[in-house]
Structures are given as structure tokens and as C-alpha cells.
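The values are calculated or read from the model by the stated rules, or taken from the named source; none is laboratory data. What you are looking at is a predicted structure, and each value in this text was computed from that prediction instead of being measured. Backbone-built Cβ (ideal geometry, glycine too); neighbour counts: all protein chains shown.
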Amino acid sequence: MIVGLVLFAWWLIDNTARNLAQANIASGFGFLTNRAGFDIGQTPIAYSNASTYGRALLVGLVNTLLVAGAGIVFATIVGFIIGIGRLSQNFLVRLLSTVYVEIFRNIPPLLVILFWYFGVISVLDGPRGVEENPFGFYLTNRGLQTPTLIFGALAWASLAAFAVGIVAAVWLAKRNKAHQSKTGVRKPILWSVLALVLGLPLAVFVLTGLPATVEVPTPSRFNLQGGFQIRPEFVALFLALSLYTAAFIAEIVRAGILSVSRGQTEAASALGLRRGKILRLVVVPQAFRVIIPPLTSQYLNLIKNSSLGLAIGYPELFAIGTTVLNQSGQSIEIIVISMGVYLTISIVVSLFMNWFNTKMALAER
Amino acid sequence: MSLKFLTAALGLSVATLVASGAAAQTAQTVKDRGTLRCGVNTGLPGFASQNDQGEWQGLDVDYCRAVATAVLGDPSKVTFSPLSAVQRFPALQNNEIDLLARNTTWTMDRDTALGLDFVGVNYYDGQGFMVKNDLGVSSALELSGATICVQSGTTTELNLADYFKTNNMEYNPVVIESQSDVNSAYDSGRCDVLTTDASGLAASRLEMANPDDHTILPEIISKEPLGPAVRQGDDSWANIVRWTHYALLNAEELGVNQDNVEEMKNSENPDIRRLLGEDANFGEALGLPKDWAAQVITAVGNYGEIFERNIGVNTPLKIQRGQNALWTEGGLQYGMPIR
């Protein structure tokens, strides 16, 4: 069976290569090192039109991960809020949550993306004649622009201090927990943690002589120059993907919570646990077992839906791939690369969620 | 699971490629099928677009009709395939169409590594810029720092990068796949500048909410020879398309048009008699009837008529002949002699 499959695959690949050669179409992955020649709007890693096709695809991958990562976090937060809202005692909260779910769940994601891009962000004012404001925050049809810190050479010291602070805070928390389980006495450590995580890097920052300057966006002839810019394509795609997926996550969360029988809650309160603790220690851990597997598929859906960014010109992997495909003409190679990359991302996410699921699963004793 | 998925996808592309291997005789295939499959733009007024009745019209469309007339004797025997910029080359490579007449720039890479064969230039174009009047820009060299809307996967995108690099200017690209989305992004104010071929700009301007608010800048930053293409490796098919193109040009040069083609058959001019198949049978070597050129001119007119009907000064696009005038008028269009 496996031998047959391998032979079949070999036959397919061989046949394709021979037919490509017959049609005088260049093939192979050598084109990845050729100069790309086109520019990309959003480049989180260094890229210019003198970079290679391979580098361009890498920029696309990073952009995909950016919007998918941010989308997953935001979708999860919104999804949990709406999902819990669906079970609220309050009639208005319950109604609004239901309306939200029904609206976003029943519209195709591409329409949601186009709505945010052409329907919301495009109708904002242009960057010219925008009123200057003292905070330097501008929301225009060119996206959101904010002031940014330009760090000097000594800024790495503060960064290192931040890392040290986090490690120390974790150690402190662990020691405190051990102390509590040994003696039953809980010591307040919030302030010490804050001092370590925020105070230490701040102190180092001041001691090294404030090695940073603030850059504020200023209006120029065409655009606002300088500062930190979030492009409207990102905003539209991010909002659309996360709000769309949140509707599905909300339903999963609701199902998860409902799956924990009422008796559990009642038993917990009979033991004298407070409401917050009941949720945290009894309901949520059991709900998670129901929530995580379908949540994984929603995360995968969100990642794959990010390829719809093509429609509004968000330079994610598929959009860049399409451009490279057309500029280089290597269609089969690009499709293989794109499929391989999406497959890899999805498998990695699945593996992580499976690991998380095993961790949360019922520990049989 | 991954292997299965991959092989399934490869299998799909292979299935189409296997089919193309056997189809070196495009002309015979078209005759057997009774219709010409022609790849055109999804909607570019003047070049290929559908009118209120759903009929295709435009310069590229007339080229499809001309070739259909030459091969099948009937300009209506064309099946149009509207293709996006990204779809066009795979469609031709995979034998989904017989002829690509989709305002496509003839470049070396496409003519060699992509397995295409360009047969002529039916429109000499160049890339230009369009801006909103209220920006007060009068030259492309003032555009540093501007946000520019451009269609993805085009030579336009590459020329843009080169032009700004050469002139040490910066820009902020907004790259969208479909030209109509590019246009609406520009119209809604997402970009300061729209760039594409100059002919495309003239067409796009008509689609703006307020065409008079936009100006096309004088700079032309690239050579964009647009022309029909066929698959490599079928020389007789390439010959048919190539000489149909030359016949249209020669007809204009000799003053043969849609109205006078019948009386011109009685002309004393040997060039005209050869073109219309009165004295010699040049159609035979192409595998076409003797009067193929006469039929083509009766169906669609000569090159000048096609130009004026679709994009000329009396159409909404108002494009001058310019470089597309005949060589005798100081332009670049030059039909190789039929003899």
C-alpha cells in the first residue's frame, strides 16, 4: 500500500516535470534566490525590492503569523466574553451576545473583511488637513499612527533587566507557593513582583541616561511621517478575522460551560467555596476539556482564513505567493510551498493544542 | 495525510498538463471544436469589457474575433475567458485557452521561461501615474513619500519599484489583486496615486466617482508593448495569429477598410490584390482560405478602425494614436509585407 502510494507520487512528480519541460516552462526551486523586484507595504523584517523571492515569501509568512497570532488572542478574549455573556443572568447582556453570534456566524468571512476595509476604514478622513493633537495619535484612512520610542544603544541593558525581573518574579512566586503549602500562610508578593518586573528595568533605564527619544507622527505633503503605523489592511483583516472567529468560539465556550453539570457547582458551594473560586477551580477546568478540541479547529480556521487578506491587499503569505507566482511564473512550486507552509503552521498549532489538551485532561487516579 | 493532499493537488495540475502535451496542433483543434477560446481581461473598458447586452467589446476582443474569422470564418465563434492578471499565464500554459489577448506586456521572461510566444504588439503602452487634482502635483518626480495603489503580479509593480529607486524617492505601496479593487481603494482615498499602463489609467479614470478630479501625470516610466500571445511550440498557430495582426496593419496602410473591402478586390494595386487573396493564395501556407484577410477585414475592420472604435478620440477613453499610428504616420505600427 505504502509502496504503491510512493510509486504513484513518484510517477506524478516525474510526469509533471516531463510535461513542464515539454511545454518549455522552467521548473525547480532555483527561482527563490532570484531578485524579487517588487515592494511590499508591510515589512516586519528587513526587505527591499533588491531582496530575493525567498525573502519576499518569508515576509509574507511573518505577516501571516502576525495577523493570525494577534487574531487568535483577540478572538479568544472576545469569544470567552461573548460565550459567558450568552449564559448571563442579565437579559440585555444575553440578548446582545446572541445578536453578536448570529450576525457574525452567518456572514462569510470575506464579506466581513471587505466591510471593515471598504465600509469602515475607507470612510475615515484622509491624512491631509488632519487636526494636530497633543498626544500624537492619528486615526485616518491610512491606518493608526502613534508616537514611538526610538531606542538608543544602551537600551539593551533595560531589556536585560526586564528579563532578569521576570525570572526573579517567577522564582519568588514559586517559593511563596512552596511556603504556603508547607505552613499554610500566604504572604502578599504582588508589590515585590511589580518592583522586579517594572521597577528594575525602569531603574536601569534611568541609570543608563534615558537612551530613547520619542518620535511623533507629523503631517507631510502626502502622509503622516514618522511614528508607529498600523496599516488599515492589517486593522481590517485583524478585526474581521477575530470578530468572525469569536462568534464560533463563543458558542464553543457556552457549550463547554453548560457541559459541567449543575451539581458540581452546588457541591462546590456546599463546601463553602466562593463564586470566583467555584468558576476557577471547578467549572472552568472541566469546561476546558470540552472547549479545547473544537477551539483548535477554530484557531486553524482563523489561520487559513487569513489568506483572504489577498482581497484587500494585506501582504500575507498567500498574497505574496500570488505575486511571486505571477512575476516568476513558477505556479506549481509556489502552490507546493504555500501548501507546505500552511500545513506546517496548522500541524504545529494542532500539536501544541493537543499537548495543552492532555495537560488539562482528566487525571485519572 | 500531507502526502495524499499534495499528490492530489499535483495530480490535478498534471491532469491538465498531460492534456496540453497532445495539443500541439491548435489550429486543427480550434477547427474541430468550432470555436476559439480567447483569454481576455475581466473588465478593462476599451480593451475587453462587456456591454449592457453582455457582449464583449474592445481592442483585444476584436483581435480574438479577427483570429476566429481567419480560422473559422465567423467573428462570433469565440468563447471568451475573463482572466485576472494572476490567472492568465497558467490558463494559456494549461491549454484552457487558445489565445491570450489580455493587454499583456511582452517581456523576455514571459517569452522564454514561461513557455509563451508573443506574436506582435497590438498596443504600444507605457506606465503612468494618476493623482487627485487637489494634491497639486504636476510631475511624478514630486511623488516622494506618497502612498501608491498598484495591481499585484504585474510589470507595473516592478517598474514602480525601479522608478522610485532610480530617482531616490520613497513610497508606500498598497498592492491589491484585482484592478477594480485597486481603483476603488484609490478612489476612496486609501492612496494618493494610482499607477498602471497609461491606457488603463484612462479607463480607470472613467470609473472614478468624479473623473474630472483626477489628472494623469505626463511622465511615462516604462515600455509596455501589449500584445497577443500563444503557447510555445506551435509555430503554425503562432503564424496564423501573427499574420492576422499584420493583415490588419497592412489593410490600414493600403486604405482597405470594412466598407470598401469588396470594391478593393477589383483594385489594380498588387499589394491590395495580394492582401485580399485575388492574385495569390497566401492563406494556403497558413492552412486558411484564400480570402482569409478579406474576411477578417469585413468582420472587424482594419487596425485603425479597431483602434478608433474602441479607444480612439471619439470614445470616452479619448486616446490619441501616438506611438500606435502607422509607421507612415510617424508611429511604431509596422505590418510586415504580405508577399
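Within the stretch A:272-285, residues that are within 15 Å of A:Leu258 (Cβ to Cβ) reach partners that are modelled with pLDDT of 85 or more and outside any helix (DSSP H, G or I) with beta carbons closer than 8 Å, at six or more positions or on different chains, in the pairs A:Val282/A:Val260; A:Val282/A:Leu273; A:Val283/A:Val260. Exactly one residue among B:Ala146, B:Ala161, B:Ala185 is in contact (Cβ under 8 Å) with a residue 40 or more places away in the chain and either of a type in the set (A, V, I, L, M) or not assigned by the TED database to the domain that holds B:Asn239 (or both), and that residue is B:Ala146. The set of residues from the stretch B:121-170 being in a strand (DSSP E or B) and at the interface with chain A (Cβ under 7 Å from one of its Cβ atoms) comprises B:Ala146, B:Thr147. Exactly one residue out of B:Glu142, B:Glu207 is surrounded by fewer than 24 Cβ atoms within 10 Å (Cβ to Cβ), out of contact with any His (no Cβ under 6 Å at 6 or more places or on another chain), modelled with pLDDT under 90 and of a type in the set (Asp, Glu): that is B:Glu207.
Residues in the stretch B:301-337 that are surrounded by 21 or more Cβ atoms within 10 Å (Cβ to Cβ) and outside any loop (DSSP other than H, G, I, E, B): 7 in all. Within the stretch B:222-251, which residues are over 17 Å from the mean Cα position of the chain (by Cα) and surrounded by fewer than 24 Cβ atoms within 10 Å (Cβ to Cβ)? Those that are over 17 Å from the mean Cα position of the chain (by Cα) and surrounded by fewer than 24 Cβ atoms within 10 Å (Cβ to Cβ): B:Gln232, B:Gly233, B:Asp234, B:Asp235, B:Ser236, B:Asn239.
Quick one: in the stretch B:232-254, of everything that is part of a loop (DSSP other than H, G, I, E, B) and modelled with pLDDT under 95, which residue is nearest to the other protein chains (Cβ to nearest Cβ)?
It comes out as B:Gln232.
Candidates in the stretch B:34-47 are the residues that are at pLDDT below 95 and assigned to a strand (DSSP E or B); of these, the one that is surrounded by the fewest Cβ atoms within 10 Å (Cβ to Cβ) is B:Leu44.
With respect to the conditions (1) among the acidic types (Asp, Glu); (2) closer than 26 Å to B:Ile216 by Cα; (3) within 12 Å of another protein chain (Cβ to nearest Cβ); (4) buried (at least 21 other Cβ atoms within 10 Å of the Cβ), B:Asp117 falls short on a single one, namely (2).
Once the stretch B:97-112 is narrowed to residues that are assigned to a strand (DSSP E or B) and crowded, with 24+ Cβ neighbours inside 10 Å, the residue that is farthest from the other protein chains (Cβ to nearest Cβ) is B:Leu99. Can A:Leu273 be described as more than 10 Å from chain B (Cβ to nearest Cβ) and not in a helix (DSSP H, G or I)? Yes: the conditions hold for A:Leu273. Is the stretch B:185-196 home to any residue that is of a type in the set (Gly, Ala, Ser), closer than 27 Å to B:Gly322 by Cα, surrounded by fewer than 23 Cβ atoms within 10 Å (Cβ to Cβ) and within 12 Å of chain A (Cβ to nearest Cβ)? Within the stretch B:185-196, none of the residues are of a type in the set (Gly, Ala, Ser), closer than 27 Å to B:Gly322 by Cα, surrounded by fewer than 23 Cβ atoms within 10 Å (Cβ to Cβ) and within 12 Å of chain A (Cβ to nearest Cβ). Just to be sure, is B:Val78 assigned by the TED database to the domain that holds B:Leu248 and in contact with a Ser or Thr (Cβ under 6 Å, 6 or more places away or on another chain)? So B:Val78 does not fit the description; no. Please state which one of B:Gly200, B:Gly120 is within 19 Å of the chain's Cα centre (by Cα) and within 27 Å of A:Ala56 (Cβ to Cβ). Just a single option satisfies the conditions, and that option is B:Gly200. The set of residues in the stretch A:288-328 that are touching a Ser or Thr at 6+ places or on another chain (Cβ under 7 Å), more than 14 Å from chain B (Cβ to nearest Cβ) and modelled with pLDDT of 90 or more comprises A:Thr296, A:Gln298, A:Asn301, A:Leu302, A:Ile303, A:Ser306. When A:Gly28, A:Gly37 are checked against the criterion of being crowded, with 16+ Cβ neighbours inside 10 Å, within 12 Å of chain B (Cβ to nearest Cβ) and either in contact (Cβ under 8 Å) with a residue 12 or more places away in the chain or in contact with a His (Cβ under 8 Å, 6 or more places away or on another chain) (or both), A:Gly37 stands alone in meeting it. Taking the numbered list (1) in a loop (DSSP other than H, G, I, E, B); (2) within 7 Å of chain A (Cβ to nearest Cβ); (3) of a type outside the set (D, E, K, R) in turn, B:Pro173 passes all entries but (1).
Only one entry in A:Val112, A:Val99, A:Val93, A:Val62 is touching a residue at least 60 places away in the same chain (Cβ under 8 Å), on the phi < 0 side of the Ramachandran plot and not hydroxyl-bearing (Ser, Thr, Tyr), namely A:Val112. Considering the stretch A:187-264, the qualifying helices (runs of 4 or more DSSP H), each wholly inside and each with 1 or more residues that are surrounded by 21 or more Cβ atoms within 10 Å (Cβ to Cβ) and polar (S, T, N, Q), run over A:232-259.
Scanning the stretch B:60-95 for residues that are outside any helix (DSSP H, G or I) and within 13 Å of chain A (Cβ to nearest Cβ), which turns out farthest from A:Thr322 (Cα to Cα)? Restricting to residues being outside any helix (DSSP H, G or I) and within 13 Å of chain A (Cβ to nearest Cβ), the top hit is B:Asn95.
Name every residue in the stretch A:232-257 that is within 14 Å of chain B (Cβ to nearest Cβ) and within 16 Å of the chain's Cα centre (by Cα), in order of residue number. Please lay out each step first, then the result.
First, pick out the residues of the stretch A:232-257 that are within 14 Å of chain B (Cβ to nearest Cβ): A:232-237.
Hits for the stretch A:232-257 are A:Glu233, A:Phe234, A:Val235, A:Ala236, A:Leu237.
When the stretch A:72-98 is examined, which residues are found to be farther than 23 Å from A:Val235 by Cα and surrounded by fewer than 17 Cβ atoms within 10 Å (Cβ to Cβ)? Selection gives A:Ile84, A:Leu87, A:Ser88, A:Gln89, A:Asn90, A:Phe91, A:Leu92, A:Val93, A:Arg94, A:Leu95, A:Leu96, A:Thr98. Taking B:Asp134 as the residue in question, decide whether it is under 18 Å from B:His214 (Cβ atoms) and surrounded by fewer than 22 Cβ atoms within 10 Å (Cβ to Cβ). Answer is yes for this residue. In this structure, is A:Tyr138 of a type in the set (Phe, Trp, Tyr) and within 21 Å of A:Ser242 (Cβ to Cβ)? It is false that A:Tyr138 is of a type in the set (Phe, Trp, Tyr) and within 21 Å of A:Ser242 (Cβ to Cβ). Taking the stretch A:329-343 as the range and being assigned to a helix (DSSP H, G or I), modelled with pLDDT under 90, facing another protein chain (nearest Cβ under 10 Å) and in contact with a Phe, Trp or Tyr (Cβ under 9 Å, 6 or more places away or on another chain) as the test, only A:Ser331 passes.
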